[in-house]
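To keep things clear, I will list the structure first and then write my remarks on it.
The values are calculated or read from the model by the stated rules, or taken from the named source; none is laboratory data. Remember, it's a predicted structure, so these values are computed and weren't measured experimentally. Reconstructed Cβ throughout: ideal geometry from the backbone, glycine too, with neighbour counts over all protein chains shown.
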Amino acid sequence: MNSMTALVDSYTPGMTLPQGFYTDQTIFETEMQAIFCTQWLFAGHSCDVAQPGQYFTLPIGRESVIVIRDRDGTLRAHFNVCRHRGSKLAWHDRGWVKTLVCPYHGWVYQLDGTLQAARFMEDFTCDEYPLVSAAIREVAGLIFVCLSPQPPDFVMPAAAIAPQLLPHRLEQAKVIVRDRYRVQANWKTILENNRECYHCQVAHPEFMLANYDAGLPGDDRNGNTRFQQTRAAAYQRWQTLGLSPHEVSFPNGSWFRITRLPLRDGFLTESLHGRLTAPPMVDVPDLDVGSLRLVGMPNFWGHANVDYTMTTQVIPISAHETQIDVAFLVRQDAVEGIDYAVDDVAAVWRATSAQDWQICEHNYAGICSSAYRPGRLSASMEASVTEFINWYLRQMTDR
């Protein structure tokens, strides 16, 4: 704690963080407790657990959570820990089960977490040994979990996200591919990179085909520029389609953002050619609905297009390594090879992701150098990075 206090005291607003915040493993362990075990985390998609018994696991530092749908159709989040001697119950990333059976000694749990049977246990009451559960919320097809027994409020984020994301019908979607990356960089460098588009013109030619490098909160370059006029006209048109466009950007220092942004002329989706890559997910007469962008600190961002949705999940492994899962969803009834090709759907974000991870790895290598000193952030292009740093420091110091 003395080390963290010294680092906090050495931070200068408007600059990047001191080196130790990115490289110190003790700081990393503190982050896992102060942030990843207290905040709402993006866990996955409800379409992956549509049927009773379907589950997936979420690793969070030393913790692991089983997200599963029980026999009544209720979503549950159980710590992946048997109440006998602590073995992991689920050893695979995802699957389907009738009951949760511990592979060690065969204790059997119902999907809702109650203990059904424990072999050779004398003078024993099963009711006293249910699985330990975590808070779980579903909003418009996205699942969030919180490990804290006192999770933050979810009413405000749900009220902001649901009206804008529901038209994309993610509950009726399917994941067509998941790309997993191991990035040799601290998780904060990855979040910082996501929070600015200063680098987009330089690093992301595929992304820039469809997107403006504008629209982030704090970007004051625009004034009455073409982008602002384009967005204002798009908002009027989207309102007539019933899409409820409304920018909500980290209200009161909160953890989430959602906004719908227009795409460039000639682009109906984030594709290399501008055309749809899959059947429309949004049921509207005008398919020019832009791209709905979502951010959830500390581990999520996504883009919902008219034909597909991309989600990115960030899982810290150590101070120096981060796991990232990128998923692509299309309509549940779409047929591969007829209605879509995976490589076409994923083309822009596979290119953009690979570029980002390379950028972040080189950025982190420089941060680890003895020559690293905190650098000044652009007030016009990197205000969102400053906002992320401020949010991060509040979580660390408050706890």
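What do you reckon, is I161 more than 15 Å from the chain's Cα centre (by Cα) and either of a type in the set (D, E) or on the phi < 0 side of the Ramachandran plot (or both)? It is false that I161 is more than 15 Å from the chain's Cα centre (by Cα) and either of a type in the set (D, E) or on the phi < 0 side of the Ramachandran plot (or both).
Out of the residues in segment 185-211 that are closer than 22 Å to D265 by Cβ and not in a helix (DSSP H, G or I), which is modelled with the highest pLDDT? Ranking the qualifying residues of segment 185-211, first place goes to H204.
Scan segment 353-399 residue by residue and report those that are of a type in the set (G, A, S) and either free of Cβ contacts under 8 Å to residues at least 40 places away in the same chain or farther than 25 Å from W40 by Cα (or both). Correct list: A354, A365, G366, S369, S370, A371, G375, S378, A379, S380.
The set of residues from segment 224-247 being without any contact (Cβ under 8 Å) to a residue 40 or more places away in the chain, surrounded by fewer than 13 Cβ atoms within 10 Å (Cβ to Cβ) and either assigned to a loop (DSSP other than H, G, I, E, B) or in contact with a helix residue (DSSP H, G or I) (Cβ under 6 Å, 6 or more places away or on another chain) (or both) comprises N224, T225.
Of the residues making up segment 47-87, those that are surrounded by 20 or more Cβ atoms within 10 Å (Cβ to Cβ) and hydroxyl-bearing (S, T, Y) are Y55, T57. Scanning segment 21-63 for residues that are among the small types (G, A, S), more than 17 Å from the chain's Cα centre (by Cα) and not in a helix (DSSP H, G or I) yields A50, G53.
Filtering segment 162-177 to residues that are in contact (Cβ under 8 Å) with a residue 60 or more places away in the chain and out of contact with any Phe, Trp or Tyr (no Cβ under 8 Å at 6 or more places or on another chain) leaves P163, Q164, L165, P167, H168, R169, L170, E171, Q172, A173, K174.
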